[in-house]
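Heads up: the structure comes next, in structure tokens.
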Amino acid sequence: MERYEKVQRIGHGGFGEVYMYKDRRNGETVAVKWIKFGDKGKGLPHEVLREISVLKELDHENIVRLLDVVAKEKSIFLVFEYLDLDLGKFIADHSTTGMDPLVIKGFLFQILKGVSYCHSQKVLHRDLKPHNLLVNLQSKTVKLADFGLARTFDVPLPEYTTGIATLGYKAPEVLLGMRYSSAVDIWSVGCIFAKMVTGHGLFSGISSPILMSQMLRECCAWIPKEELLLMMR
């Protein structure tokens, strides 16, 4: 890490701390995810390996760039381009006035472009939420980030694990343990869109059964109960 100079801590994730660094070669500000591993005989988390392998293959203006990977004893540093804040913080900062409709429109368009590119490359993100979308305040650019739960897929799609996504952004088929497709990312984008518009989550269930019940009540009230039961089999 001699190339990079630590500036300050800016956050933390499930597998390590995130710091702002400065690239000594060009003066560029970067974000570095510092992941420690090796305790109790454990190796590098597979989510980290997955994020590295996926981001190495993706190249799009609305997907965060992985600039460098530096491995040291019992630590690995993922060097990303730096963006000002995540969309969750951006929404919170505008909680009083609400987000400008034109900004919402621009953000949604960029998110969909990033998701469309991922799907064209046979990649499901599987954890889209405001905190996994990064914002450049000056250019009003939004980029997809945190690909730790992402995976590649083929057609026809195999069965996947249901332990994905943050609860309020999970699609119904994931909650029900059903086979799912790239549509799960689109559902999450819809929930993100609703939060940008209203300032709060579309669904607020604190568990999968409660959330599923809320979805059925609010989205499917017009469907006869008998048909709902058939759909859920």
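Looking at the range 203-217, can you tell me whether even one residue there is charged (D, E, K, R), at pLDDT 70 or above and assigned to a helix (DSSP H, G or I)?
If we filter the range 203-217 for residues that are charged (D, E, K, R), which is where we start, we get 217.
Next, from what is left, pick out any that are at pLDDT 70 or above: none.
No, that holds for no residue.
Scan 137, 112, 133, 149 and give me the residue that is in the same structural domain as residue 180 (by TED's automatic domain parsing) and buried (at least 23 other Cβ atoms within 10 Å of the Cβ). Steps first, please.
Numbers: 137 fails: buried (at least 23 other Cβ atoms within 10 Å of the Cβ); 112 fails: buried (at least 23 other Cβ atoms within 10 Å of the Cβ); 149 fails: buried (at least 23 other Cβ atoms within 10 Å of the Cβ).
Testing whether each residue is in the same structural domain as residue 180 (by TED's automatic domain parsing) and buried (at least 23 other Cβ atoms within 10 Å of the Cβ) leaves just 133.
Here is a list of conditions, (1) surrounded by fewer than 17 Cβ atoms within 10 Å (Cβ to Cβ); (2) at pLDDT 95 or above, and residue 192 meets all of them except one; can you say which number that is?
All conditions pass for residue 192, except number (1).
Being modelled with pLDDT of 95 or more and assigned to a strand (DSSP E or B) narrows it down to one residue among 32, 115; which is it?
Details: 115 fails: assigned to a strand (DSSP E or B).
Residue meeting the stated conditions: 32.
Can you find a residue that is assigned to a helix (DSSP H, G or I) and on the phi > 0 side of the Ramachandran plot anywhere in the range 99-111? Explain how you work it out, then say what you get.
The initial filter retains those residues of the range 99-111 that are assigned to a helix (DSSP H, G or I), namely 101-111.
Still in the list and also on the phi > 0 side of the Ramachandran plot: none.
No - not one qualifying residue is present in the range 99-111.
The values are calculated or read from the model by the stated rules, or taken from the named source; none is laboratory data. Small disclaimer: the values here were computed from a predicted structure and weren't measured. Because the Cβ atoms are built from the backbone with ideal geometry, glycine has one as well, and the counts that use them run over all protein chains shown.
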